[in-house]
Every structure is written in structure tokens, then in C-alpha cells.
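The values are calculated or read from the model by the stated rules, or taken from the named source; none is laboratory data. These numbers were taken from a predicted model, which means no experiment stands behind them. A quick note on method: Cβ atoms are made from the backbone with ideal geometry, for glycine too, and the neighbour counts reach across all protein chains shown.
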Amino acid sequence: MDLVVFDLDGTLLNAQSQISDYTNRVLTKMAEAGIAYTVATGRTLHGAHAVVSGSGFHLPHIIKNGVLIWNPASGDYSRQCLLTQEEISKVLLAFTDAGVSPFIHTFEPNEHHGVYHAPVMKDYEHKLAAFIERERGSALKPLSAMPPRASIANFSGLGSQEAIDAIVAQIAQEEHLIAYGGPAFEGQNLYWLDVHHCDGNKGAAVLELKRDMGAERIICFGDSDNDLTMFEIADECYAPDNAKPEVKAVATEVIGHHDDDGIARFLEARFDL
């Protein structure tokens, strides 16, 4: 059995961050043909569900870059790669040294996801806060409201390229941590950053799902750095034309642009749908 795994933003979704009607029709054909498919995204559960609902994504979802696997059939999480206290301290030190204020993402009792931040925020941090609130469907909370025993899944933040690069370099020295970053808002010297446990990556999560489902082959699609671990373990890996150069370089093939239904058009031909 093949398992097809999609990244969302910049890959399966169009420029409006939606699954187009054309792509939705192709997904329906895949489901009717018995082709298994799921999602591996950096989005939260709420953010992923908001865009894939109604498109036949019934298999477990890989979310938050592989930190969590959520089963829509049971509502349970089968994978949780959370940070230890020592790792949390090292991440906080890296953020402090670079002068970047972190957004702290938690996994709390009753499968609640929280995001916390210091009450005083820069203008651009308000923009990120608004995005997080739209994606999660609930309000960002002050750091003082964070439960003392909340498990921390990851840290994110915004800063200058120099500040973000400094954090990435410091995190790279830590064996069990990994950091992803990139340009945040067009026309500004602002970069975003996400830090989490090294086991919380898409590749490891896809392998776990492959084992649990008894799949034989992995076919994946992605456009950015956080997809590279998935590409490494896949039997076939495809990058849309808009993908980063380093992703295109290791892809089995570069296919159509994400805003031109490139993934759907490829799948239609690949599986003769």
C-alpha cells in the first residue's frame, strides 16, 4: 500500500491557503480509488482541520511539524514529542541572548493547546499573535496564565534575520533540539522561528505512521525546509515549482506550482485518475 503525504501551505493549498475545487475533486478520486493520503504540516490541529475538513482526510494527521499525530477517528494523539525542562532552559537562553521574546506553545490536560507570550509585545509580534489566534481559533494568553505543569511542545518567535540566525546557530549545538526559520512578512527584515524536539520532525512522524498503518511505500509532497526529513525517508518525493532551491535539489521531480493545482495535476497523471 502506498501512503501519500501532503504538506499544506505552499504545497497542497493555493495562494489563498485553500484546497481548490480542482484539487478537491482529485482528492475525491484518490479516495474512491482506495489511495491512502494524509497531511504533514507545521500547522496546529485547528489550523490544519480548518483547511482539510471536507476533503477526505480521515487518516491520522501529522501536525506541528511532526511533534504530534492526531487521529480524527478517535480524537486521540498517538505521538507527542514534548520538551524536557533542560531543553526548555536551553531554548529560553537562546531566545534571551538574541533579544527575541518567545511564543510558548503548550500541550495541556484534556488535549488543550495553549500559546503564551509576555504581555508587552512589539508591533510585529502583534501581527504574529493575530495569525496564531486565527489559526488556533482562540486567544493568545499572557505568560502569567500558563499552568505550572503545562507540557511545552515548541517555541516560536519573530526577529531580525541576525537575531533569528543567532538562535538557530545556538540551537544547532543542542543534540535534541531543532530549529526552522524563514522570512516572515514581505517587505520587512523580519524572520520567524520555530524550535522543538529533534524527534518532532515530519520524517520521524511519517515513519511512525507508515509502521502503524502497514504501508509499504511513502510518496510525499513539500516545499520548505521542514519537509526535508520527510523527503529523506520517502520512496518518492515531489516539490512544487515554488519550493525552496534546497528542496528542489533533493526531490524525485519538480512539478507544477502550488497555485496552479500542481500537486493535483501530477497525482491525476501519476495514478491515472
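Matching residues to (1) touching a residue at least 40 places away in the same chain (Cβ under 8 Å); (2) of a type in the set (A, V, I, L, M, F, W, C):
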position	(1), (2)
Val206	yes, yes
Ile218	yes, yes
Met230	yes, yes
Ala239	no, yes
Ala249	no, yes
Asp261	yes, no
Leu267	yes, yes
Asp272	no, no
- Item | Search result, residues across segment 206-251 that are of a type in the set (Ser, Thr, Tyr) and not in a helix (DSSP H, G or I) | Ser224, Tyr238
- Query: For segment 153-163, does any single residue satisfy the condition of being among the hydrophobic types (A, V, I, L, M, F, W, C), assigned by TED's automatic domain parsing to the domain that holds His126 and either out of contact with any strand residue (DSSP E or B) (no Cβ under 9 Å at 6 or more places or on another chain) or within 19 Å of Ile62 (Cα to Cα) (or both)?
  - Reply: yes
- Scanning segment 181-221 residue by residue, the ones that are touching a Ser or Thr at 6+ places or on another chain (Cβ under 8 Å), over 30 Å from Leu92 (Cβ atoms) and of a type outside the set (A, V, I, L, M) total 2
- Do we have Tyr180 as within 14 Å of Asn65 (Cα to Cα), of a type in the set (Phe, Trp, Tyr), assigned by TED's automatic domain parsing to the domain that holds Lys127 and crowded, with 18+ Cβ neighbours inside 10 Å here? yes
- Note on the structure: Reported set for segment 143-161 where residues are surrounded by fewer than 12 Cβ atoms within 10 Å (Cβ to Cβ) and either touching a residue at least 60 places away in the same chain (Cβ under 8 Å) or not basic (Lys, Arg) (or both) is Ser144, Ala145, Pro148
- When segment 1-36 is checked residue by residue, the ones that are of a type outside the set (A, V, I, L, M), out of contact with any Asp or Glu (no Cβ under 9 Å at 6 or more places or on another chain) and buried (at least 21 other Cβ atoms within 10 Å of the Cβ) are Phe6
- Message: Just the residues that are modelled with pLDDT of 90 or more and on the phi > 0 side of the Ramachandran plot, please, taken from segment 66-82.
- Response: Gly66
- Message: Give me the residue from segment 216-227 that is at pLDDT 95 or above and crowded, with 19+ Cβ neighbours inside 10 Å and, out of that set, farthest from Leu59 (Cα to Cα).
- Response: Asp223
